[in-house]
Amino acid sequence: MADLRVRDMSLEDLRSLEIFASSYRTDRYLRLEMEGGDPAKMWRLVPAQLPRPVTKVLDGGGVQALLELYGEASQLHFVGAVADSELIGLATWRMEHWNHMLWLCDIRVREEKRSHGVGSRLMEALHWSALREDAGGIMLETQNLNLAAIEFYRTRGFEVAGINTRLYPGADRSDPWEVALYMHRGLDG
């Protein structure tokens with residue numbers, strides 16, 4: 001994509017572009033296995049087959065949806081990837097001053113543009129934003145079902161830093177195996 005431009009964007013910039021939904025489909029996941037008792041509980045993530053394929057469609061309702069999900073406009077920052085006047089990638093982040101971490105709220109690339117370097121360019125821009133903010137690293141949360149995202153992050157130096165088995169709604173869900181994974185990458189790489 002020779003005409004790809006990646007740059008910081010304002011809310012006004014985003015309002016003039018279509019913010020697209022993000023989705024993934026999978027038939028595999030990382031199963032959480034735990035053993036031991038508190039405080040010495042040990043856990044590991046093991047690749048496993050889902051009982052049935054799962055499709056997740058994440059928000060795509062525009063700027064207001066991003067604000068409702070991720071916080072006040074004054075705290076959010078956006079990095080957009082634009083080609084031919086079309087938004088093809090978007091990263092939304094905020095600085096968490098209490099722990100000096102850049103928190104990646106959301107990153108998305110149009111499905112037909114994936115595996116063309118757009119996500120990598122967005123991550124590179126986030127790295128530079130984190131350096132400008134004097135952050136200690138970049139943190140994010142993803143689901144153990146989103147293997148493509150986990151692999152994307154791992155190949156860019158992120159490591160699983162924690163889990164949350166209670167982040168998503170309870171036992172009546174259609175996918176009770178879903179667990180939140182927190183990932184971290186330092187800035188020294």
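As a test of the formula, what do you get for the chain when each DSSP H run with n ≥ 4 contributes -39,500 (n - 2.57) and the sum is divided by the residue count, at 222 nm and rounded to the nearest 500 deg cm²/dmol? When only DSSP H runs of four or more count, the value is -5500 deg cm²/dmol. GLY61 sits among other residues whose Cβ lies under 15 Å from its own Cβ, and their net charge, with Lys and Arg +1 and Asp and Glu -1, is -2. With a/c under 1.5 counting as rounded, go ahead and sort segment 37-167 into rounded, prolate or oblate using the C-alpha gyration tensor (a ≥ b ≥ c being the square roots of the eigenvalues; past the cut-off, prolate if a/b is larger than b/c, else oblate). In terms of gyration-tensor shape, oblate. Other residues lying with their Cβ under 9 Å from the Cβ of ALA48 contribute a combined charge of +2, Lys and Arg counting +1, Asp and Glu -1. Label zone (TRP98, point 7 Å along Cα-to-C-beta; backbone nitrogen cut-off 14 Å) within segment 54-87: none.
Note on the chain: with a GNM built from Cα contacts shorter than 10 Å, the maximum mean-square fluctuation among THR26, THR92, THR142 falls on THR26. Once the Cβ-Cβ distance of ALA65 and TRP43 is raised to the sixth power relative to R0 = 41 Å, the FRET efficiency obtained is 0.80.
As a length-normalised measure over Cα pairs under 8 Å and 6 or more apart, the relative contact order of the chain settles at 20 percent.
A straight chain from LEU4 to TRP128 at 0.36 nm per residue would run longer than the Cα-Cα distance by 42.9 nm.
None of the figures in this text is laboratory data; all of them are computed from the coordinates on show. These numbers come from a predicted model, not from an experiment. Note that we place each Cβ from the backbone using ideal geometry, even for glycine, and neighbour counts take in every protein chain shown.
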